[in-house]
Amino acid sequence: MKRLGVNIDHVATLRNARGEKHPDPINAALYVIKCGANSVTIHLREDRRHINDHDAKKICSLKKVLVNLEVSMNQNIILNALKIKPSYICIVPENRKEITTEGGLNLKKNFNKLKKIIPKFKKAKIRTSLFINPSINDIKISKLLDVDCVEIHTGKLSNNVKLKNNYIKELNRIKKSSKLANTLGIEVHAGHGLDYKTTQLLSKISEIEEYNIGHYIIGESIFHGLPKVIKNFKRLLK
Ligand code: PXP
């Protein structure tokens, strides 16, 4: 059984639209786990546009909820994350103007920075992942960085599938990268833009052990409810 992490940033976005307290991402974290998710993902962005410090602290303190905290390489965010102590960390690129995380990290450019950051999390016994593009070279660099996991950015695959473009080349890239990572002892995750169809395509890649999915799950739940949607994804990942 592959693991499903549900990204609940979108619940905080909805709450913030009114500047009030509802819907509460803390309740969302508890509820998605009750519905069968294996973990929750939250992104504490530098501009705090959705999840805020209070949410992150509270959600990470919930017993029985495994939390994957996405962080940029910003020094204050890293210090904050070390204090909050989530179960898992995923280091992601961040650009203030982007609507969402548009691609994987530039590992070559940020090698020295990451070489200093990763051991801090490892020392704190926090499982650490890098959000990367599906590239053989980036898998090799991830190995040099001695990271526990990589999360492969599936945005390009998802866009190609949604636009009915040829997606085989990108799917093969993800497949080859996953296989190499697995051979090198790096755990493989996938995330970004996933829906039922793309998750089903990727579920054939046995090396992918965890899926982190947000926007589609929350959107689809408006029509069918979180229990049903999470159950459908879990069925695909069997
Ligand atoms: N994984 C990572 C590392 C992400 O940055 C995101 C988007 O915030 C997701 C998964 C979830 O993406 P989506 O909301 O498109 O499913």
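We did not get these values from a lab; they are worked out from the coordinates using the rules stated. Keep in mind that this is a model prediction, so the values were computed, not measured. Please note: Cβ atoms are built from the backbone with ideal geometry, for glycine as well, and neighbour counts cover all protein chains shown.
Worth a mention:
- Spin-label pair Lys143-Ile99: with each label point 7 Å from Cα along the Cα-Cβ axis, the two points sit 3.8 nm from one another.
- Interchain or long-range residues, amide H under 5 Å from Ser72's placed H: Val92
- Whole-Hz ³J(HN,Hα) from phi, Karplus 6.51 cos²θ - 1.76 cosθ + 1.60, for region 125-141, glycine and proline x: 6, 9, 4, 10, 10, 10, 8, 10, 7, x, 9, 4, 4, 5, 5, 5, 5
- Lys63/Ala124 FRET efficiency (R0 25 Å; Cβ-Cβ; nearest 0.05): 0.85
- Stretched out straight at 0.36 nm per residue, the stretch from Lys34 to Phe223 would grow longer than its current Cα-Cα span by 66.1 nm.
- Per-selection Rg to Rh, region 13-98 - Cα, Kirkwood hydrodynamic radius: 0.95
- Rounded to the nearest 20 debye, dipole of the chain from Cβ charges on Lys, Arg, Asp, Glu: 440 debye
- Treating r as the C-beta distance of Asn166 and Tyr196 and R0 as 22 Å, the FRET efficiency rounds to 0.65.
- One way to sum up the overall shape of the chain is the equivalent ellipsoid from its Cα gyration tensor, whose semi-axes run 25, 23, 16 Å, largest first.
- Additional length obtainable on full extension of the chain from Asn52 to His22, 0.36 nm per residue less Cα span: 9.4 nm
- Relative pair counts by distance (%), Cα atoms of region 163-226, 10 Å bins: 19, 47, 26, 8, 0
- Sequence-distant residues sharing a close amide H with Arg45 (under 5 Å, placed H): His50, Ile51
- Förster radius 41 Å - calculated FRET efficiency between Lys109 and Lys231, Cβ distance, rounded to 0.05: 0.50
- Entries of Lys21/Lys64; Lys64/Lys123; Lys140/Lys204; Lys34/Lys234 with Cα pairs more than 18 Å apart: Lys21/Lys64; Lys64/Lys123; Lys140/Lys204
- Straight-distance crosslink candidates among aspartates and glutamates, where the alpha carbon sits under 13 Å from Lys108 and sequence neighbours closer than 8 are dropped: Asp138
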